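Engineer: I have a structure here, written as structure tokens, and I will follow up with some questions on it.
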Amino acid sequence: MTKTRYCTVLIMALVTSISMAAMVAEARMPRHAIAPAVQTVPLPPARPVIDEPPAPTTPLAPPAKPAETTPTAPSALAPSPTPSAASGPDCLQRLRDRGVIAEAATLATLPDPRCTVDQPVTLTALASPGMHVDFPDKPLIACSTAETFADFLSQFMVPLAKGSYGQPIAAISTGPGLECRPRNNVAGAKLSAHGQGLAIDIAQFRLGDGWLYKVGHPTDQRDRDFDRAVRAGACGYFHTALGPGADPDHANHWHMDLEPRGSNGTSRFCQ
Ligand SMILES: [Zn+2]
């Protein structure tokens with residue numbers, strides 16, 4: 001081999017070695033090293049979650065009003081002490097305070113000595129602001145019965161009628177109240193609550209526009225609903241409340257009485 005040829009071969013071997021070394025070096029480089037775009041473009045820093053203020057889900061409530069620290073005057077709605085029966089007005093006065101137009105009554109001689117009435121009164125009307133109910137039969141009953149009857153009418157039945165029929169009650173047919181007779185007019189039966197002025201009946205009532213409600217003769221569902229409601233309400237005021245369907249003797253009127261019932265005297269019997 002000549003010297004020139006030897007040099008040529010040596011150069012070619014050197015070039016080949018350099019090329020191979022370059023290829024090996026490239027193969028050993030990590031992949032990302034050949035992706036300068038990815039490597040050189042900086043990513044924006046992730047937004048730290050803890051820096052995000054919590055989004056309000058509901059409007060902020062105004063600051064709570066500080067509690068009152070100064071003493072307040074007694075409420076005008078607070079119940080006032082109830083006068084005892086001994087120190088308060090008597091029953092007739094309590095009736096009149098309720099708006100009942102009533103007079104003390106005197107009992108005639110009654111056929112049965114068991115027929116007695118405690119503080120008998122005769123009722124003429126119930127009058128209060130926005131209410132005037134006449135009692136054309138002028139029933140005679142015990143004063144305590146009259147109190148309960150007045151409360152039942154003014155608190156329950158009259159407002160119920162106005163709500164049901166759009167009219168106030170103008171008059172109520174009650175019958176005489178006092179009737180000295182055995183229960184249900186059955187000879188030998190227990191004395192009726194009417195015999196002691198503890199009972200009152202309602203046979204019919206007239207509204208302000210003249211319309212007449214006859215107990216036991218409902219004309220539509222509204223009348224039937226009213227019948228049920230009145231008797232349910234009466235059961236809350238009286239010890240006994242009877243009406244149509246209870247028995248044949250009460251087919252055409254509501255009967256309510258305060259005759260003591262049960263061992264404690266306050267049991268209810270309602271049909
Ligand atoms: Zn009766």
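The values are calculated or read from the model by the stated rules, or taken from the named source; none is laboratory data. Because the structure is a prediction, the values reported are computed rather than measured. Cβ: placed from backbone, ideal geometry, glycine included. Neighbour counts: every protein chain shown.
Engineer: Quick one: what pairs do we get from segment 196-215, first residue in the same structural domain as residue 112 (by TED's automatic domain parsing) and under 17 Å from residue 131 (Cβ atoms), second within 11 Å of the ligand (Cβ to nearest atom) and part of a strand (DSSP E or B), C-beta under 7 Å, 6+ apart or different chains?
Structural biologist: 202/254
Engineer: Somewhere in segment 225-241, is a residue among the basic types (Lys, Arg) and at pLDDT 95 or above?
Structural biologist: Within segment 225-241, one or more residues are among the basic types (Lys, Arg) and at pLDDT 95 or above.
Engineer: What residue, of 172, 200, is away from the ligand (no atom under 12 Å from the Cβ), in a strand (DSSP E or B) and either modelled with pLDDT under 95 or touching a helix residue (DSSP H, G or I) at 6+ places or on another chain (Cβ under 9 Å) (or both)?
Structural biologist: Selected residue: 172, the only one of 172, 200 that is away from the ligand (no atom under 12 Å from the Cβ), in a strand (DSSP E or B) and either modelled with pLDDT under 95 or touching a helix residue (DSSP H, G or I) at 6+ places or on another chain (Cβ under 9 Å) (or both).
Engineer: Quick check on this structure: which one of 104, 73 is modelled with pLDDT under 95, more than 19 Å from residue 215 (Cα to Cα) and surrounded by fewer than 16 Cβ atoms within 10 Å (Cβ to Cβ)?
Structural biologist: One residue alone meets the criteria, 73.
Engineer: Within segment 142-151, does at least one residue satisfy the condition of being more than 26 Å from residue 248 (Cβ to Cβ), surrounded by fewer than 17 Cβ atoms within 10 Å (Cβ to Cβ) and in contact (Cβ under 8 Å) with a residue 60 or more places away in the chain?
Structural biologist: yes
Engineer: Being more than 10 Å from the ligand (Cβ to nearest atom) and under 28 Å from the mean Cα position of the chain (by Cα): is that true of residue 222 here?
Structural biologist: For residue 222, the condition - more than 10 Å from the ligand (Cβ to nearest atom) and under 28 Å from the mean Cα position of the chain (by Cα) - is met.
Engineer: In segment 243-264, what count of residues is obtained for those that are assigned to a strand (DSSP E or B) and closer than 13 Å to residue 201 by Cβ?
Structural biologist: 4
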